[in-house]
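So the structure is just underneath, and the comments pick up after that.
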Amino acid sequence: MGTASGSTLQAAAPAARSARRPGLDERAPFLLAARRERPQVTPVWFMRQAGRALPEYRVLRSGVPMLRSCQDPELIAEITLQPIRRFGTDAAIFFSDIVVPLVAIGLDVDIVAGTGPVVADPIRDERGLAALRPLEPDDVPYVTDAVRTLLAELGDTPLIGFAGAPFTLASYLVEGGPSRTHARTKQLMYRNPRLWHALADRLAEITIGFLRAQVDAGVDAIQLFDSWAGALDETDYRRYVAPHTARVLAAFENDGIPRIHFGVNTGELLTAMAEVGADVVGVDWRVHLDEAARRIGPGRAVQGNLDPTAVFAPADVLADKVSDVLLRGAKAEGHIFNLGHGVLPETDPGVLAYIVDLVHAG
Ligand code: CP3
């Protein structure tokens, strides 16, 4: 963005530069789309853009356990930058995991390759609750350090911080690991709503602490992942989940940064999810974006939603799918291009580069 050649001091200042972060262009396409202004190109980034699909990631991670890599500021920064260097995506996402804050407050959680988070002592009663104390920025010094390094390196590219939402975190803690049905979690909700709300309340607090550490260190946006909220019907979502998620998002209302909220299989929840207060609603690939925007209603941008398996289609089929997402996304008030869920590890990075080109070419 050029600087106005006006004669007043004000006009001479680089007006588009962010007051929050001097290096950042407030008119970066990602930020404009999130604010429902029309950028010249549709911004694109990929959930899990840093990860096993990249050979350079596999090199850095070799011999380093997942959680340990999330506690090393140099590794965090380097892994976060890898997809930016390779693809020139319009935003970087901070390399971490939704269970990092749980580990930081002392819970015994591991991330098992090919499985996901595994919790040694699942939380199913009052006693388990006691293990959940609030998170302070001092609990995650590697996060604040890495954010500072990244802001210096990223220049004009916005950095997205993130956390898991209370329901998705609770599911791992209650089930003890990944679950297809989330049956134990729902059992807890239905049979002991008081304990459920107490658990979700503590997780909201921890999530706010983890996001606060990232926001105060300077991230340019946040994404709240409620990946497994789609396991709930709308009534249960509103009753057991929405108030806690709304509390997390409200805590960042006055920080002047976009708040993105995303879950998988949430087509039937989009109206309710839009009401919890995010600026941008992430949509998985099962609902067309124009229909999603209708369900989400006015005043919010959308993010999504190419099927992550579309990368395995022939180039012409893939190009048609990308242009369909763009066409439908253009009907929303703002559109950030993404996949409908994370990059699959088997993805050819060359195809991701092709998608970035297609999206930027419009
Ligand atoms: O690039 C990015 O998107 C940032 C990195 C990121 C990771 N986890 C790194 C990671 C993000 C945003 C997450 C969030 C996360 N973690 C979510 C929400 C997003 C989603 O996918 O819905 C969830 C549900 C988790 C829990 C989790 N952690 C799972 C299900 C897995 C995959 C297990 C496996 O091996 O398939 C993890 C591990 C994990 N987190 C990996 C990465 C890159 C893979 C581990 C590895 O590379 O060894």
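Bear in mind that the values in this text are calculations on the coordinates, not laboratory data. Quantities reported herein were computed from a predicted structural model and do not represent experimental measurements. Note that each Cβ is placed from the backbone with ideal geometry, even for glycine, and that neighbours are counted across all protein chains shown.
Based on the Cβ-Cβ distance from ALA120 to ASP145, what FRET efficiency comes out when R0 is 30 Å, to the nearest 0.05? Working from the Cβ atoms, E equals 0.60.
Taking a ≥ b ≥ c as the square roots of the Cα gyration tensor eigenvalues, segment 101-241 comes out prolate, since a/c reaches at least 1.5 and a/b is larger than b/c. Across segment 32-46, rounded Karplus estimates of 3J(HN,Hα) from the backbone phi angles (6.51 cos²θ - 1.76 cosθ + 1.60, θ = phi - 60°) give 4, 4, 5, 8, 6, 9, 9, x, 6, 10, 6, x, 9, 8, 10 Hz, Gly and Pro being marked x.
Among LEU352, LEU75, LEU327, the order by Cβ neighbours within 10 angstrom, fewest to most, reads LEU327, LEU75, LEU352. Each Lys and Arg contributes +1 and each Asp and Glu -1, all at the Cβ; summed about the Cα centre of segment 206-297, the dipole is approximately 140 debye. Normalising the average separation of contacting C-alpha pairs (under 8 angstrom, six or more residues apart) by the number of residues puts the relative contact order of segment 177-252 at 40 percent. Considering only VAL59, VAL248, VAL140, the Gaussian network model of the chain with Cα springs below 10 Å gives its largest mean-square fluctuation to VAL59.
A dipole drawn for the chain from +1 and -1 charges on Cβ atoms has a positive end, and of ALA204, VAL241, ALA163 the residue lying farthest that way is VAL241. If a helix is a whole DSSP H run, which ones in the chain reach 15 Å or further along their own axis (Cα) and hold a mean Kyte-Doolittle hydropathy of at least 1.0? Helices meeting the criterion: 349-361. Highest GNM mean-square fluctuation among ALA33, ALA77, ALA310, for the chain modelled with Cα contacts below 10 Å: ALA310. Where the centre of each part is set by its Cα atoms, how far does segment 330-355 sit from segment 23-80, in angstrom? Cα centroid of segment 330-355 versus Cα centroid of segment 23-80: 13 Å apart.
Rounded to the nearest 20, the size of the Cβ-charge dipole of segment 30-361 about its Cα centre is 660 debye, with Lys and Arg at +1 and Asp and Glu at -1. For segment 84-99, the residues whose backbone nitrogen is under 20 Å from a point 7 Å from the Cα of GLU56, taken along Cα to Cβ, are 84-96. Each peptide in 316-322, 276-282, 198-204 was scored by the mean count of other Cβ atoms within 10 Å over its residues; highest first, the order is 276-282, 198-204, 316-322. Structural descriptor for the chain: relative contact order 19 percent, calculated from alpha carbon pairs under 8 angstrom and at least 6 residues apart.
Ordering THR245, THR144, THR42 from the fewest to the most neighbouring beta carbons within 10 Å gives THR144, THR42, THR245. For the chain, the alpha-carbon radius of gyration amounts to 0.96 times the rule-of-thumb value 2.2 N^0.38 Å expected for a compact globular protein. Dipole of the chain computed with +1 at Lys/Arg Cβ and -1 at Asp/Glu Cβ about the Cα centre; of TYR190, PHE337, VAL118, farthest Cα towards the positive end is TYR190.
When SER171, SER18, SER323 are arranged by Cβ crowding within 10 Å, least crowded first, meaning fewest neighbours, the order is SER323, SER18, SER171. The longest stretch of the chain left intact once loop-based GluC sites (Glu not before Pro) with at most 15 other Cβ atoms within 10 Å are removed from consideration, loops following DSSP, is 38-252. Straightening the chain between VAL41 and ALA152 buys 37.5 nm, computed as 0.36 nm per residue apart minus the Cα-Cα spacing.
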